[in-house]
Amino acid sequence: MKKVHGHTDGLKANQKKRLESLYRRRLPQGYAVNAELAHELAAISHDIRRQVAVLVSRAGKVEFVIAGTPDQIYIPELKGYTPLPGRLLGLRYIHTHLKEGEGLTRDDHTDLALLRFDLMAAVTLTPDGSVHRVHTAHVTTGDSGEPTRELPPMAPGHLRDDLDAIVREVEEELSRKERVLAAGDAEERAILVSVTTRPRKEAMGSLRELEELARSCNIDIMETVLQIRKKSDPKHLLGSGKLNEITIAAMQKGASILIFDQELSPAQIRSITDQVEIKVIDRTQMILDIFARRAQTREGKLQVELAQLKYMLPRLITLNTAMSRLTGGIGGRGPGETKLELNRRRVRDRITTLSKQIESVKKQRGQQRARRNRKGVPVVSIVGYTNAGKSTLLNTLTQSRVLAEDRLFATLDPSSRRLRFPKDIEVIITDTVGFIRDLPKELMVSFRATLEELESADLLLHIIDASNPQCEKQIESVENILADLKLDTIPVLKIFNKMDQTDEERREGLSREHGGLFISALNRATLTPLLHRIEDQIETLITDNLPDEDPDPEE
Ligand SMILES: Nc1nc2c(ncn2[C@@H]2O[C@H](COP(=O)(O)OP(=O)(O)OP(=O)(O)O)[C@@H](O)[C@H]2O)c(=O)[nH]1
Ligand SMILES: [Mg+2]
């Protein structure tokens, strides 16, 4: 005989027997509640003064019998039953409430939404132990905004016979939705989450950027959740109510991944993954993933892989359960054949190898740069926040076709072009990888090499997307990164781009605050003042440098 779960301590032998005998019951197929079972549950419940539940399969078999306390039931692990996207669980949950007036509770609704029972029923008892009412609720298709829907309570003599039809319809709609989603070309379907103590406006701006990052990763965004907390709590990043809500939304929307705007510690990743049962990553992992997709050159690929492994290494210790969900797909993409299920030792070995390879590539590049410098061609480097229009500017200035796209991190590997000015001055103009707020430390170190190019720049063009509402913050981030890279000694021209998408007032405000030039990188005609400025700067530079620093007769 199968065991009765839950709170069975203190029950008499015949009471236990009676509970056990529930396993022998057969119910009609489908989802309905049957009157005989309701009466029997009520009678047992009345006898033992505890709630009782049975979980019945679609074939009508009683799979689990659970005894509770007078006011609640702990649902055990339901072996063999896992909620799948587009499906209900395949079990109806029928239980008793001892109090006559007590219909379905909030907890009942949460359990229903989280576990996705086919149907949730509560049988309430009259004081003498017979059935008073049967309350039922089912999962919805999500269109109403509510995850569950409660039906009017039924008297025991009038149990409705259309429950099968209602629930079947819901499940058909759920699976239809799932098929539509699965047929889409997005790689993942995400719920974006931000838990922060920052002011709402700032948090929203940051979430918008996270959305852009996700879009760059070919991720569909199903929902965005923002929780502003007064105090941060590293142990419970999110309250359990909020996490339940997210878990329910994830199932309802068929989300395959949760992406946090905040960096998650290994322990946080694990505890959240354990509850939501889908992949959990943070902003840093997503940025690393984008870099992994975009890297073109050998050095770029080596750098990204190194950064990913360094980020993953401390997370490998605790990732036993979460690990299987973290491999593959977004956040688990190695640019090479390396998969992240590598064990720690192999990860360390790989880190050493990569570092060596990068060292040797770097040496080669250093030699190239030295050669170029000797020729004394001035270098102008375009820097700026990602998506500001750096590559577009390079293209328009030099009539070339570097990839420019409305995506974050369209450019990963620097490219250089020659640009000749009327006064017979020639410069090398380089495009660089975009900057971003809180650039992952691992990437910062790795990309310092790529950005080393910048050290030999004679002039930096700091391109700013004037149309972005966050542009002040972006300017600040870029300036911080330049300072971190010790590049803040190189002369910088601030250039406000996308002027076509700003109004007069905004331009005046920005120009009062920062000075700088306004351009539209898409429109060559707007670049003339900029070209003059570059030319002037370079000219001063050459004349300044000529007598003392560069007496080379070749020049
Ligand atoms: N409206 C408008 N859009 C622009 C302008 N300049 C660039 N864009 C658009 O902005 C988007 C980003 O341009 P990119 O040149 O790829 O930007 P980037 O700074 O190189 O970006 P990353 O390489 O991703 O860091 C593209 O869709 C461009 O077409 C402009 O002056 N006006
Ligand atoms: Mg670019």
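The values are calculated or read from the model by the stated rules, or taken from the named source; none is laboratory data. Because the structure is a prediction, the values reported are computed rather than measured. A quick note on method: Cβ atoms are made from the backbone with ideal geometry, for glycine too, and the neighbour counts reach across all protein chains shown. These accessible areas exclude ligands, DNA and RNA; they are computed on the full protein's heavy atoms, side chains included. Shrake-Rupley method; radii C 1.70, N 1.55, O 1.52, S 1.80 Å.
Per the conditions (1) open to solvent by 20 Å² or more (accessible area, probe 1.4 Å); (2) touching a Cys at 6+ places or on another chain (Cβ under 7 Å), the sole criterion not satisfied by M286 is (1).
Tell me whether segment 173-190 contains one or more residues that are farther than 23 Å from S256 by Cβ and at pLDDT below 95. Among the residues of segment 173-190, not one is farther than 23 Å from S256 by Cβ and at pLDDT below 95, which makes the answer no.
Before we move on, is P378 in contact with a strand residue (DSSP E or B) (Cβ under 9 Å, 6 or more places away or on another chain), modelled with pLDDT under 90 and more than 14 Å from ligand 1 (Cβ to nearest atom)? Please lay out each step first, then the result.
Working: in contact with a strand residue (DSSP E or B) (Cβ under 9 Å, 6 or more places away or on another chain): yes; modelled with pLDDT under 90: yes; more than 14 Å from ligand 1 (Cβ to nearest atom): yes.
Yes; evaluated as a whole, the condition is true for this residue.
At least 3 residues that are within 30 Å of K230 (Cβ to Cβ) in each: list the strands (runs of 3 or more DSSP E) lying fully within segment 98-213 that qualify.
Values: elements: 119-125, 131-139, 148-150, 188-196.
Output list reads 188-196.
Checked against (1) open to solvent by less than 10 Å² (accessible area, probe 1.4 Å); (2) more than 17 Å from D164 (Cα to Cα), D118 meets all criteria but (2). The condition of being in contact with a helix residue (DSSP H, G or I) (Cβ under 7 Å, 6 or more places away or on another chain), farther than 17 Å from D108 by Cα and part of a helix (DSSP H, G or I) holds for R18. Got at least one residue in segment 220-227 being of a type in the set (S, T, N, Q), part of a loop (DSSP other than H, G, I, E, B) and under 30 Å from T386 (Cα atoms)? Within segment 220-227, not a single residue is of a type in the set (S, T, N, Q), part of a loop (DSSP other than H, G, I, E, B) and under 30 Å from T386 (Cα atoms).
Taking the condition under 17 Å from I429 (Cα atoms) and among the small types (G, A, S), does A466 pass? If you could, list the steps in order and put the result at the bottom.
Working: under 17 Å from I429 (Cα atoms): no; among the small types (G, A, S): yes.
So A466 fails the test.
The residue that is farthest from ligand 2 (Cβ to nearest atom), counting only those in segment 506-532 that are open to solvent by 50 Å² or more (accessible area, probe 1.4 Å) and over 21 Å from E476 (Cα atoms), is H532. Exactly one residue out of S57, S21 is modelled with pLDDT of 90 or more and surrounded by fewer than 17 Cβ atoms within 10 Å (Cβ to Cβ): that is S21. The residues on offer are L493, L527, L541, L522, and the sole one that is under 23 Å from L454 (Cα atoms) and within 14 Å of ligand 1 (Cβ to nearest atom) is L527.
Looking at E202, is it in the same structural domain as L114 (by TED's automatic domain parsing) and either of a type outside the set (S, T, Y) or more than 30 Å from T105 (Cα to Cα) (or both)?
Numbers: in the same structural domain as L114 (by TED's automatic domain parsing): no; either of a type outside the set (S, T, Y) or more than 30 Å from T105 (Cα to Cα) (or both): yes.
When the stated conditions are applied, E202 does not pass them.
Taking first residues from segment 124-142 that are surrounded by fewer than 20 Cβ atoms within 10 Å (Cβ to Cβ) and partners that are at pLDDT 95 or above and acidic (D, E), the Cβ contacts under 9 Å between residues at least 6 apart in sequence or on separate chains come to G129/D47.
Checking each residue in segment 493-531 for being part of a helix (DSSP H, G or I) and closer than 18 Å to L394 by Cβ picks out M499, R524, A525, T526, L527, T528, P529, L530, L531. Among residues of segment 258-282 that are more than 14 Å from L192 (Cα to Cα), those with a beta-carbon under 8 Å from a residue that is among the hydroxyl-bearing types (S, T, Y) and buried (at least 19 other Cβ atoms within 10 Å of the Cβ) at least six positions away or on a different chain give the pairs Q275/T247; E277/T247.
Just to verify a result, which residue in segment 434-444, among those that are open to solvent by 10 Å² or more (accessible area, probe 1.4 Å) and in contact (Cβ under 8 Å) with a residue 40 or more places away in the chain, is farthest from ligand 1 (Cβ to nearest atom)? Full working, then the answer.
Of all residues in segment 434-444, those open to solvent by 10 Å² or more (accessible area, probe 1.4 Å) come to 437-439, 441-442, 444.
Still in the list and also in contact (Cβ under 8 Å) with a residue 40 or more places away in the chain: 437-439, 442, 444.
Values: R437: 13, D438: 16, L439: 12, E442: 19, M444: 15 Å.
Out of the qualifying residues, it is E442.
Quick check: is even one residue across segment 159-174 touching a Lys or Arg at 6+ places or on another chain (Cβ under 9 Å) and either over 27 Å from M251 (Cα atoms) or charged (D, E, K, R) (or both)? Yes.
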